[in-house]
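Okay, structure first, notes after.
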Amino acid sequence: MVVRTRFAPSPTGYMHIGNLRTALYAYCIAKHSQGTFILRIEDTDRKRNVPKAIQVIYDSLRLAGLEYDEGPCKDGDYGPYVQSQRKNQGIYQRHADLLVKSGAAYPCFCGKSVDGKGNPTAVTGPRGAAARRNVCLYLSPAEVQAHLDAGDPYVIRQRIPDEGVTTFHDLVYGDITVKNSLLDEQVLLKSDGFPTYNFANVVDDHLMAITHVARGVEYLSSTPKYNLLYEAFGWEKPVYIHLPHIVKEGGKKLSKRAGDASFQDLLAQGYLPESIVNYIALLGWSPGNDQEYFDLASLVELFDPRHINKSKAAFSLPKLEWLNGEHIRQIPPEKFHVYAGQYYPPALKAACDTQVVSRMIQPRLTRLTNIPEMTHFLLAVEPYDLALYEHAKSMSSLESSRLVLKAALTPLAQLQPWSEDAIRQALLDLAAELNMKTSTVMWPVRVALSGLLVTPGGAIEIAAALGLAETLRRIEAAIACLS
């Protein structure tokens, strides 16, 4: 069997973290088996559609590295891959008509006797059927034709068996059995001819030869109705893989309405797409060991949907930030310099050697958006407490700091060229000349250049980034304060 999976988002203008995880799992399932990953745009819910939102979907998948094999602009003989285009070809109407003809669906003319969710209001049919049944189920052919001749608007509803049960197997949740009497007779085709999600996804999954369906656990309760549709058509059912909810650390479900971050929001907050993908892979799945760092290739290699958990997965920004730092440290230095350059203010680019700055901050950075704050001291030294020069571990005091800074001026001023290696050697030679520990020399130089207790780099890196003139100016200013 050739594995074929699909990601079928609605163009709402927002790539929810849960949606991206669904896309990632579907991608990994397909690619692990050298299968096909399909993008299908489900735009038949016209109230939810956002203009130009399809581009958000394309951009999100591209940034996440989830390249689809078939979809819009990538025909694979199963298109169109946009549901509104499929609707215009009459695909859903034809299949709804087949169900009506076989008795697995029926036209419903109830109009206002439908609740706000599109379900029939409680009505008992003439054969004593349960209240979930709709009176239109019992219309004679002549009565149906009379409604049609009168031009009455109608929907097509699924006919659910009165008795029995529907059983299906889910790869995550196992065997599930539901009494048919508990299932509502859902709308398949709306009065405007557009299919509902529940109908279109079944028809399209079959016609696109989808073998594995990965989707959120919220669709678990609808799956018996999907199975009855497959059986009514005489189609083979796909493998179901329902994914647990992603919740906040407090237990509430992530929600756009609650202002929770989308994929785009996390990118804007300085997280790398690679680290976001890595992190969401772990929200409900594990490789069976303690490994947490993955690139996309290793995820594909190790991904096994049988290791998806049933329990809810808690989204943790601190955990994502830690993982983001791990990914930042794996970026080739030249590529990282390009990333970092987008966050350097113009004044910093004009004043400092940003190549040195990038090398200095990369090992210590956890989010790209932290760069301006992390490098602000390179633009100006804020007033600071002279007590910073007193550091027991480095054996630094106000007196020793004054001595070191005065002694450092001449050898530093004579350096040619101004480089990290040259600065390092000059300060090491100074430590030997003064008969001091290396740290006793480095500590006051770093404080003088930064005015901070903690910096993203040491004295050598900071001096190299600042340049000769600014380094000497800051040391002279520090001497004046210590005098």
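The values are calculated or read from the model by the stated rules, or taken from the named source; none is laboratory data. In this text the structure is predicted, and so the values were computed from the model without any measurement. Using ideal geometry, Cβ is built from the backbone for each residue, glycine included, and neighbour counts are taken over all protein chains shown. Ligands, DNA and RNA are excluded from the accessible area calculation, which covers all protein heavy atoms including side chains. Shrake-Rupley method; radii C 1.70, N 1.55, O 1.52, S 1.80 Å.
Assuming VAL445 fulfils every condition listed in (1) open to solvent by 60 Å² or more (accessible area, probe 1.4 Å); (2) aliphatic (A, V, I, L, M); (3) in contact (Cβ under 8 Å) with a residue 40 or more places away in the chain apart from one, which condition is it?
Here VAL445 clears every test but (1).
List every residue pair whose Cβ atoms sit under 9 Å apart, with the two residues 6 or more apart in sequence or on different chains, where the first one lies in the stretch 409-432 and is over 14 Å from ALA463 (Cα atoms) and among the small types (Gly, Ala, Ser) and the second, anywhere, is open to solvent by 80 Å² or more (accessible area, probe 1.4 Å) and part of a loop (DSSP other than H, G, I, E, B).
Filtered contacts from the stretch 409-432: ALA431/LYS437.
Hey, which of the helices (runs of 4 or more DSSP H) in the stretch 26-105, taking only ones fully inside, have at least 3 residues that are over 17 Å from SER10 (Cβ atoms) and open to solvent by less than 70 Å² (accessible area, probe 1.4 Å)? Before you say what the answer is, go through the steps one by one.
On the way: elements: 53-64, 83-88, 91-102.
Result: 91-102.
Taking SER358 as meeting all but one of (1) open to solvent by 20 Å² or more (accessible area, probe 1.4 Å); (2) touching a Phe, Trp or Tyr at 6+ places or on another chain (Cβ under 7 Å); (3) at pLDDT 95 or above, write down the number of the exception.
Unmet for SER358, out of (1) open to solvent by 20 Å² or more (accessible area, probe 1.4 Å); (2) touching a Phe, Trp or Tyr at 6+ places or on another chain (Cβ under 7 Å); (3) at pLDDT 95 or above: (1).
Which condition number in (1) under 21 Å from VAL202 (Cα atoms); (2) touching a strand residue (DSSP E or B) at 6+ places or on another chain (Cβ under 9 Å); (3) not hydroxyl-bearing (Ser, Thr, Tyr) is the one that ILE54 fails?
Only one criterion is unmet by ILE54, namely (1).
Out of curiosity, is ALA23 crowded, with 23+ Cβ neighbours inside 10 Å, of a type in the set (Gly, Ala, Ser) and either within 13 Å of VAL277 (Cβ to Cβ) or free of Cβ contacts under 8 Å to residues at least 24 places away in the same chain (or both)? If you could, list the steps in order and put the result at the bottom.
Details: crowded, with 23+ Cβ neighbours inside 10 Å: yes; of a type in the set (Gly, Ala, Ser): yes; either within 13 Å of VAL277 (Cβ to Cβ) or free of Cβ contacts under 8 Å to residues at least 24 places away in the same chain (or both): yes.
So ALA23 passes the test.
Any residue at all in the stretch 136-144 that is under 30 Å from GLN34 (Cα atoms), open to solvent by 50 Å² or more (accessible area, probe 1.4 Å) and among the aliphatic types (A, V, I, L, M)? Break it down into steps so the answer makes sense when it comes.
Quick first cut of the stretch 136-144, residues under 30 Å from GLN34 (Cα atoms) only: none.
No, the conditions are met nowhere in the stretch 136-144.
Test each condition in (1) out of contact with any Leu (no Cβ under 7 Å at 6 or more places or on another chain); (2) under 26 Å from LEU267 (Cβ atoms) for GLU399 and report the one that comes out false.
For GLU399, the exception is condition (2).
So which residues in the stretch 159-218 are of a type in the set (Ser, Thr, Tyr), open to solvent by 10 Å² or more (accessible area, probe 1.4 Å) and farther than 29 Å from CYS28 by Cα? Talk me through it step by step, then tell me what you get.
Residues of the stretch 159-218 that are of a type in the set (Ser, Thr, Tyr), as a first pass: 166-167, 173, 177, 181, 191, 196-197, 211.
Checking which are open to solvent by 10 Å² or more (accessible area, probe 1.4 Å) leaves us with 167, 173, 177, 181, 191, 196-197, 211.
Correct list: SER181, SER191.
Just the residues that are farther than 17 Å from GLU476 by Cβ and crowded, with 16+ Cβ neighbours inside 10 Å, please, taken from the stretch 398-417.
Within the stretch 398-417, SER400 is the sole residue that qualifies.
Name the helices (runs of 4 or more DSSP H) wholly inside the stretch 236-349 in which the number of residues that are over 21 Å from ASP59 (Cα atoms) and modelled with pLDDT of 95 or more is 3 or more.
Values: elements: 263-268, 273-281, 296-302, 317-330, 333-341.
Per the criteria, 296-302, 317-330, 333-341.
Here is a check on your reading of the model: is TYR226 open to solvent by less than 30 Å² (accessible area, probe 1.4 Å), aromatic (Phe, Trp, Tyr), under 18 Å from PHE199 (Cα atoms) and touching a residue at least 12 places away in the same chain (Cβ under 8 Å)?
On the way: open to solvent by less than 30 Å² (accessible area, probe 1.4 Å): yes; aromatic (Phe, Trp, Tyr): yes; under 18 Å from PHE199 (Cα atoms): yes; touching a residue at least 12 places away in the same chain (Cβ under 8 Å): yes.
Yes: the conditions hold for TYR226.
Starting from the stretch 277-304, keep only residues that are of a type in the set (Ser, Thr, Tyr), then list their pairs with residues that are open to solvent by 70 Å² or more (accessible area, probe 1.4 Å) whose Cβ atoms are within a distance under 7 Å, requiring at least 6 positions of separation or different chains.
From the stretch 277-304, the pairs are SER286/HIS307.
Name the residue, out of PRO383, PRO363, that is over 15 Å from GLY457 (Cα atoms), within 46 Å of the chain's Cα centre (by Cα) and surrounded by fewer than 19 Cβ atoms within 10 Å (Cβ to Cβ).
Details: PRO363 fails: over 15 Å from GLY457 (Cα atoms).
Residue meeting the stated conditions: PRO383.
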